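J.: Right, I'll just put the structure down here and ask away after.
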Amino acid sequence: MSTTAGPDIELEIGGMTCASCANRIERKLNKLDGVQATVNYATEKAKVIAPEGFDPQLLIKEVEGAGYTAALPKPKNPGPAAGADGDGDAPDLELVSLRQRLIGSIVLTVPVIAMAMVPAFQFTYWQWISLALAAPVIIWAAWPFHRAAWANLKHGTATMDTLIS
């Protein structure tokens, strides 16, 4: 491998849930010979300066080995045809899922809070109804936190997701 720096390589990183995830990926990438990487949690991107001729697939493999996903950015198709094929209008599936979890959590949590705070709503065995309403919030709505905590624990680390989970 040559020691001269090649062009910057940008990677789209997936699966990060906190800043410590970005730090972990950055450390893994910087351990590679001749690689200088900076990972931004907010933009979910890694900017990498690698030696000339460095295979980006090695970077992707290193990120995936840390438990995250990585991909080279897709080329953008500028011009009026970009919106016509529907790519610009496609909904972000992750955002849709999070919105559904948020709305579902609110709908299920409001009655739980009302029963706990308003004595008039406390009937015989109201606690069981409260448990039944809270269980989907704890399991289904928090599932992304549980999944991230499990993935991090498999790699021997604890993050904010571990605390939340």
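J.: Consider Leu108 carefully, then state whether it is of a type in the set (A, V, I, L, M), surrounded by 14 or more Cβ atoms within 10 Å (Cβ to Cβ), at pLDDT 90 or above and not assigned by TED's automatic domain parsing to the domain that holds Trp140.
T.: No; evaluated as a whole, the condition is false for this residue.
J.: Tell me the residue from Ala82, Ala132, Ala71 that is at pLDDT 95 or above and either surrounded by 11 or more Cβ atoms within 10 Å (Cβ to Cβ) or aliphatic (A, V, I, L, M) (or both), please.
T.: So the residue among Ala82, Ala132, Ala71 that is at pLDDT 95 or above and either surrounded by 11 or more Cβ atoms within 10 Å (Cβ to Cβ) or aliphatic (A, V, I, L, M) (or both) is Ala132.
J.: For the stretch 135-158, enumerate the residues that are surrounded by fewer than 16 Cβ atoms within 10 Å (Cβ to Cβ) and among the small types (Gly, Ala, Ser).
T.: Ala135, Gly156, Ala158, listed by residue number.
J.: Right, next: Any residue in the stretch 133-151 that is in the same structural domain as Leu102 (by TED's automatic domain parsing) sitting within a Cβ distance under 7 Å of a residue that is among the acidic types (Asp, Glu)? List the pairs, counting only those 6 or more apart or interchain.
T.: Close Cβ pairs (under 7 Å, with a partner that is among the acidic types (Asp, Glu)) amount to Phe145/Asp161; Ala148/Asp161; Ala149/Asp161.
J.: Scan the stretch 133-159 for residues that are closer than 12 Å to Ala66 by Cα and part of a loop (DSSP other than H, G, I, E, B) and jot them down.
T.: If the condition is that a residue be closer than 12 Å to Ala66 by Cα and part of a loop (DSSP other than H, G, I, E, B), then His155, Gly156, Thr157 are the ones that fit.
J.: Select from the stretch 49-68 the residues that are within 20 Å of the chain's Cα centre (by Cα) and over 12 Å from Ala22 (Cα atoms) and list them in ascending order.
T.: Those that are within 20 Å of the chain's Cα centre (by Cα) and over 12 Å from Ala22 (Cα atoms): Leu59, Ile60, Lys61, Glu62, Glu64, Gly65.
The values are calculated or read from the model by the stated rules, or taken from the named source; none is laboratory data. This is a predicted model, so every value here is computed, not measured. For neighbour counting, all protein chains shown are included, and Cβ atoms are generated from backbone atoms with ideal geometry for every residue, glycine included.
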